[in-house]
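S.K.: One structure, as structure tokens, below. Some questions next.
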Amino acid sequence: MNDPVVKLSGLTRSFEQGGVRIDVLRGVDLAVMPGEIVALLGPSGSGKSTLLQAVGLLEGGFGGRIEIAGTDASALSGDSRTTLRRDRIGFVYQFHHLLPDFSALENVVLPQLVAGTERGAADERARDLLGALGLGARLDHRPSQLSGGEQQRVAVARALANRPALVLADEPTGNLDEKTADLVLGQFLELVRRQGSAALIATHNERLAHAMDRVVRLHEGVLE
Ligand code: ADP
Ligand code: MG
């Protein structure tokens, strides 16, 4: 039996705002197996982004336990968390968050150099990914010279560049029109499947969710 790529046990998160406490996550349990693609559904405000930020080791302040590829992330120091995130996790945000002064190619090459990949191999990997996403003729464009759908494709390539065991995506096509969203999500899922990564993808689109292996729903702070 394989170990889960991510295992959450009793995950909690509360926010305090103007003296009022909101319990956003009230004990989330979830295991995602290697290669499994899970859709995270829930209406706006249900805590999808909060949950993904926890799993992506982007924020602290959580109760409960987060295991990534068998490592208890809650027990790690800041540096080890950063290394674990860099080596195991790829993140696609709702807004692309690309580096504005760098080309599409460079945006996909850079995280590989940070992870210690050689320039030549990183370049080849970036070209392959961007080519598979239909951006072979846009390699030297900066983000501002790309359409919204093209920007999100570059963000997808960047998230997959280091072949992470776990891909997290927070409404990755939420800013795109329906036709473009379908196209980009289809390409995204195909690449994730091809490289055998597991994925947890937040969306509020039921139709897109059902293209994935399993659907979980956030409701009143727990998954059902
Ligand atoms: P979703 O992504 O499902 O729309 P979020 O995770 O963004 O939901 O937010 C869930 C709830 O947590 C919301 O009620 C939101 O107002 C609250 N929340 C999120 N982040 C913070 C924060 N940094 N401070 C206070 N409240 C927050
Ligand atoms: Mg959100």
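S.K.: Identify, please: which residue in segment 154-173 is more than 20 Å from L51 (Cα to Cα) and open to solvent by 30 Å² or more (accessible area, probe 1.4 Å) and is, among those, farthest from ligand 1 (Cβ to nearest atom)?
M.R.: Checked segment 154-173; the qualifying residue farthest from ligand 1 (Cβ to nearest atom) is R163.
S.K.: Still on this model: Kindly establish whether L98 is buried (at least 21 other Cβ atoms within 10 Å of the Cβ), within 16 Å of ligand 1 (Cβ to nearest atom) and of a type in the set (A, V, I, L, M, F, W, C).
M.R.: Details: buried (at least 21 other Cβ atoms within 10 Å of the Cβ): yes; within 16 Å of ligand 1 (Cβ to nearest atom): no; of a type in the set (A, V, I, L, M, F, W, C): yes.
No; evaluated as a whole, the condition is false for this residue.
S.K.: Any residue in segment 185-210 that is more than 22 Å from L130 (Cα to Cα) and away from ligand 1 (no atom under 16 Å from the Cβ) sitting within a Cβ distance under 9 Å of a residue that is assigned to a helix (DSSP H, G or I) and of a type outside the set (V, I, T)? List the pairs, counting only those 6 or more apart or interchain.
M.R.: As it stands, the answer is R207/D182, since those pairs meet every condition given.
S.K.: Another question, if that's okay. Of the residues G90, G63, G47, G27, which is more than 16 Å from ligand 2 (Cβ to nearest atom) and within 19 Å of A169 (Cβ to Cβ)? Quick ask: steps written out before the conclusion?
M.R.: Details: G63 fails: within 19 Å of A169 (Cβ to Cβ); G47 fails: more than 16 Å from ligand 2 (Cβ to nearest atom); G27 fails: within 19 Å of A169 (Cβ to Cβ).
Criteria check complete, one pass: G90.
S.K.: One residue is enough: does segment 158-175 have a residue meeting the conditions acidic (D, E) and touching a His at 6+ places or on another chain (Cβ under 8 Å)? It would help to see each step written out before you state the result.
M.R.: Residues of segment 158-175 that are acidic (D, E), as a first pass: 170-171.
Going one step further and asking which of them are touching a His at 6+ places or on another chain (Cβ under 8 Å), we end up with 171.
Among the residues of segment 158-175, at least one is acidic (D, E) and touching a His at 6+ places or on another chain (Cβ under 8 Å), which makes the answer yes.
S.K.: Those residues that are among the acidic types (D, E) and surrounded by 15 or more Cβ atoms within 10 Å (Cβ to Cβ), I need them from segment 15-70; list them, please. Give the steps one after another, and end with the answer.
M.R.: Taking segment 15-70 as the starting set, the residues that turn out to be among the acidic types (D, E) are 16, 23, 29, 36, 59, 67.
If the condition is that a residue be among the acidic types (D, E) and surrounded by 15 or more Cβ atoms within 10 Å (Cβ to Cβ), then E36, E67 are the ones that fit.
S.K.: If A75 satisfies all but one of (1) within 20 Å of the chain's Cα centre (by Cα); (2) over 30 Å from S147 (Cβ atoms), what's the number of the condition it fails?
M.R.: For A75, the failing item is (1).
Listed here are the residues, each with its yes/no results for (1) at pLDDT 95 or above; (2) touching a Leu at 6+ places or on another chain (Cβ under 8 Å); (3) hydrophobic (A, V, I, L, M, F, W, C).
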{"site": "V24", "(1), (2), (3)": "yes, no, yes"}
{"site": "L52", "(1), (2), (3)": "yes, yes, yes"}
{"site": "L84", "(1), (2), (3)": "no, yes, yes"}
{"site": "F91", "(1), (2), (3)": "yes, yes, yes"}
{"site": "S103", "(1), (2), (3)": "yes, yes, no"}
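The values are calculated or read from the model by the stated rules, or taken from the named source; none is laboratory data. Everything numeric in this text was worked out from a predicted model, so none of it was measured. Because the Cβ atoms are built from the backbone with ideal geometry, glycine has one as well, and the counts that use them run over all protein chains shown. Ligands, DNA and RNA are excluded from the accessible area calculation, which covers all protein heavy atoms including side chains. Shrake-Rupley method; radii C 1.70, N 1.55, O 1.52, S 1.80 Å.
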